Amino acid sequence: AFLPGRAAPQLRGDAALASAAVAASIPGAADAFVYDGKEYFDVWYGIPPLAWGVCAATIVSVGAIIKNAAQKYNKPMGKMPIYTEGFVGKEIENNEPSYKA
């Protein structure tokens with residue numbers, strides 16, 4: 001189950017005492033609990049299931065809102081490109097004097 005590795009060699013009496021101490025402290029360290037003599041792991045990580053459900057519903061609804069907004073305000077591009085000529089410099093495009101002058 002939830003057993004850590006052994007740190008250093010110990011004598012037989014010390015090993016039995018240490019293993020009993022480790023076994024007694026493991027459910028608290030692993031966030032596990034014992035019910036009717038059987039050890040269980042807390043799958044909800046100490047957070048109530050209602051909070052997990054609210055969190056999941058919030059994530060799904062915010063995702064749907066973002067998807068709907070993206071589809072609503074996304075304007076499809078036309079088949080013709082915006083600029084059909086080749087590259088022109090900034091000064092020609094904006095009718096400004098050349099920066100070299």
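The values are calculated or read from the model by the stated rules, or taken from the named source; none is laboratory data. Only a predicted model underlies this, so the values are computations on that prediction, with no experimental measurement involved. For the accessible areas, the whole protein counts, side chains as well, though only heavy atoms, and no ligand, DNA or RNA atoms are used. Shrake-Rupley method; radii C 1.70, N 1.55, O 1.52, S 1.80 Å.
To put it simply, the accessible area of segment 54-101 at a 1.4 Å probe is 65 percent carbon and sulfur. Using a cut-off of 25 Å between alpha-carbon atoms, which lysines can reach Lys67, once sequence neighbours fewer than 8 places away in the same chain are excluded? Excluding near neighbours in sequence, the set is Lys75, Lys79. Between Ala69 and Asn94, full extension at 0.36 nm per residue minus the direct alpha carbon distance yields a gain of 5.6 nm.
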